Each structure stands twice: as C-alpha cells, then as structure tokens.
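Taking it in order: structure first as structure tokens, then the write-up.
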Amino acid sequence: MKDNSARQPASYGRRAASYWFCDGLPEIFFGTALVIIAALMFLWRLYARKPWVWFDWMIVAAGFILYYLMERRVLDFLKSHLTYPRTGYVQPPEEVPPRVQTITTLSLRPDPPAKENATSFQWRTVMLVFWFCFSFMLESNPLGRWVVPVVVPALAVALYAVNRRSEHPYRWWSALILALAGLVFAWVDAPANLQRPLPLFLAGAWLVAQGACTLVHYLRANPDPQAAEGARA
Amino acid sequence: MTQRAQEIAQLDRLIHEPARLTIMLILEGVSEADFLYLQREGGFTQGNLSGHLAKLEEAGYVEIEKKFKGKVPLTVCRLSGLGKAALSGYSQRMMGLLKSNAR
C-alpha cells in the first residue's frame with residue numbers, strides 16, 4: 001500500500017494561487033491576445049505593398065504591452081461576473097519574478113511566513129511565448145521555412161517543463177498536441193506571409209482551447225447559483 | 001497544576017477551535033477572501049461559518065467588509081493586525097508545547 005503520510009497538503013496560499021486559473025479565463029484572455037496579434041501581423045503582410053519587418057515587431061510589442069496593462073482589470077471584470085458568484089472571491093495572486101536566491105541567511109529566528117498566494121504566469125508562460133516567437137521573427141532567419149516545426153515544439157516542451165512545478169502546470173498530452181501542431185508544418189508548406197505569425201497563432205489557439213475546456217468543466221461543475229435558485233422556485 | 005498544564009491552559013481558546021483555526025489559516029495565506037470562498041475552502045455550512053466569523057470579528061481578529069466587485073456584492077474578510085499577532089503567538093506556543101513533548 002502506498003504511504004502518503006509524508007505528503008504535504010498544498011498550503012492555503014498555493015491553493016488560492018491555483019484558484020486564479022480554475023476557470024481558464026487567464027489562458028483564454030492571453031490566447032485571444034496572441035491570436036489577435038498574429039491576425040494583425042498576417043493582415044499587415046497580406047495588404048502592405050512593402051512589408052516592413054519592424055512593423056511586425058511593433059505589433060507584437062504593442063500587443064504584449066497592452067496585454068500587460070489590461071490583464072488584471074479585464075480578468076477581474078470577467079471573474080466578478082462569472083467566477084466570484086459561483087465559487088467565491090479570494091485576493092488575486094501577486095505576480096512574482098522567478099526566485100533567484102543569491103544570499104543564504106543563517107539565523108535562529110523563524111522566517112516570516114512566505115508569500116504563497118503568488119503566481120508566475122507572466123514569467124513562465126507569457127514571457128516564454130514572447131521570447132520564443134519574438135526571437136525567430138528576424139528577417140534573416142536561418143531556419144527559413146523550418147521556423148514553425150522547430151519553434152512550436154520547442155515552445156511546447158519549454159512551457160511544459162517550466163510550468164511543471166508551478167501553481168498552474170500543463171498536462172503532458174496537452175503540450176504534445178501543441179508540439180504536433182507545429183510539426184505538421186514540416187510537411188505542409190505554410191504561405192510565406194503566414195510563416196512569422198504562425199507560432200503566435202498556434203500558441204494562442206492552443207491556450208484558448210485549453211482555457212475553453214477548463215471553463216466548460218468549471219461551469220458544469222459549478223452552476224450559476226441564481227439560475228439554480230430560480231429553477232427551484 | 002504542572003507548568004505544562006499551565007502552558008496548555010494559556011493557549012488562545014478562540015483560535016484553538018478547529019473551525020476558527022481553519023478560518024484564520026486561510027485568511028493568513030490569502031490576505032482577503034469572501035464568505036463563499038471561505039465556506040467552500042473550509043467545508044463550512046453557512047450558519048457555522050457566520051457564527052465563527054462573528055466570534056473572530058468580536059475579538060478583533062478578523063475584519064469584515066461589504067464591497068462590490070463590478071455589480072456583485074461580496075462580504076470580504078481579512079485578518080487584522082491583532083489577528084495576525086494572535087495567530088503567530090498561538091502557533092509559537094503550540095510548537096513549543098509539541099517540541100517539548102517530543103523531547
């Protein structure tokens with residue numbers, strides 16, 4: 001028989017941090033932002049007579065800055081209508097940079113309680129997508145048509161590995177789907193205009209699909225209390 | 001009365017009760033949470049939770065505020081400074097007792 005006695009239950013702070021992702025809204029919002037950025041890049045390349053590479057970068061940079069500025073406000077608005085009435089409100093997690101411990105303090109005094117209601121979604125997911133896609137948007141990209149089959153599986157592996165022990169891990173089979181979606185383009189030739197926006201588009205669509213599945217599961221498990229009361233009456 | 005019995009008797013009984021200890025620990029970890037979240041997280045019934053919260057509020061350990069998120073009214077609870085100090089004192093005393101018992 002398996003001994004679970006040594007297994008520590010997640011602290012209330014960690015549970016609150018993962019509660020932020022229970023409805024899939026953070027992923028849906030970020031995924032939608034990526035899809036919009038990719039669509040704008042594609043349209044720009046499609047209709048511009050001289051596609052100017054700096055404009056691609058400007059679209060991506062502006063899109064990510066807008067996302068950073070609006071994320072909490074939009075999510076709070078959506079959650080106040082969808083999540084808080086169903087399963088309750090808890091202080092949203094603080095966004096923390098990855099911990100780099102350089103100094104070890106030796107002391108007999110007990111540590112202050114660690115801040116555990118914290119998330120690193122923006123560092124572990126948003127920044128990862130940004131750097132993977134942004135670094136392969138150069139005009140003189142040595143990968144050529146192999147950008148999508150190389151970048152997307154690498155991004156899938158990185159997302160899975162980096163988030164494995166976070167408050168919001170991705171399932172291995174879900175990361176595999178993203179990797180396979182990228183590998184398809186080793187055989188299928190994407191149009192030249194689509195080569196650059198495609199990693200962003202695939203990552204965005206994957207995040208939206210994942211968030212949508214979580215949202216559907218959440219809504220089924222937690223029906224609207226007002227509607228339930230109405231039905232009872 | 002032995003010294004240990006005296007130490008045990010000095011434990012804060014308001015926090016020592018399991019349901020109230022759960023409420024205090026949840027609030028310590030999350031800064032603030034609403035009634036519904038506390039109810040689900042701690043597995044309380046509505047009446048049970050409001051009873052315990054009233055006691056904690058009366059002692060000044062918990063602050064309760066009614067506020068709106070969008071158009072949704074929320075009863076938000078948070079640990080007061082006094083509550084944080086009380087919980088820290090309680091856990092230190094309890095740890096001390098358990099450690100001395102293990103020796």
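The values are calculated or read from the model by the stated rules, or taken from the named source; none is laboratory data. Everything quoted here is computed from the prediction, not taken from an experiment. A quick note on method: Cβ atoms are made from the backbone with ideal geometry, for glycine too, and the neighbour counts reach across all protein chains shown. Please note that ligands, DNA and RNA were not included when accessible areas were found on the heavy atoms of the full protein model with its side chains. Shrake-Rupley method; radii C 1.70, N 1.55, O 1.52, S 1.80 Å.
Here are the numbers for this structure:
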| quantity | calculated |
| --- | --- |
| Subset tally (residues that are closer than 17 Å to A:Trp206 by Cα, without any contact (Cβ under 8 Å) to a residue 12 or more places away in the chain and either surrounded by fewer than 14 Cβ atoms within 10 Å (Cβ to Cβ) or out of contact with any helix residue (DSSP H, G or I) (no Cβ under 7 Å at 6 or more places or on another chain) (or both)) for segment A:151-179 | 3 |
| From A:Trp54, A:Trp123, residue being assigned to a helix (DSSP H, G or I), surrounded by fewer than 19 Cβ atoms within 10 Å (Cβ to Cβ) and at pLDDT below 85 | A:Trp54 |
| Counted residues, segment A:57-99 - those being open to solvent by less than 30 Å² (accessible area, probe 1.4 Å) and either part of a helix (DSSP H, G or I) or touching a His at 6+ places or on another chain (Cβ under 8 Å) (or both) | 11 |
| Top-ranked residue of segment B:35-70 - restricted to ones that are within 11 Å of chain A (Cβ to nearest Cβ) and more than 16 Å from B:Thr22 (Cβ to Cβ), ranked as farthest from the chain's Cα centre (by Cα) | B:Gly70 |
| Selection status of B:Thr75, farther than 21 Å from A:Ser11 by Cβ and within 13 Å of chain A (Cβ to nearest Cβ) | yes |
| Subset of segment A:86-110 (residues that are modelled with pLDDT under 90, within 12 Å of chain B (Cβ to nearest Cβ) and more than 17 Å from the chain's Cα centre (by Cα)) | A:Arg109, A:Pro110 |
| Selection count where residues are of a type in the set (A, V, I, L, M), within 22 Å of the chain's Cα centre (by Cα) and closer than 14 Å to A:Ala192 by Cβ, scope segment A:37-68 | 1 |
| Subset of segment A:183-233 (residues that are modelled with pLDDT under 80 and open to solvent by 70 Å² or more (accessible area, probe 1.4 Å)) | A:Ala192, A:Gln226, A:Glu229, A:Ala231, A:Arg232, A:Ala233 |
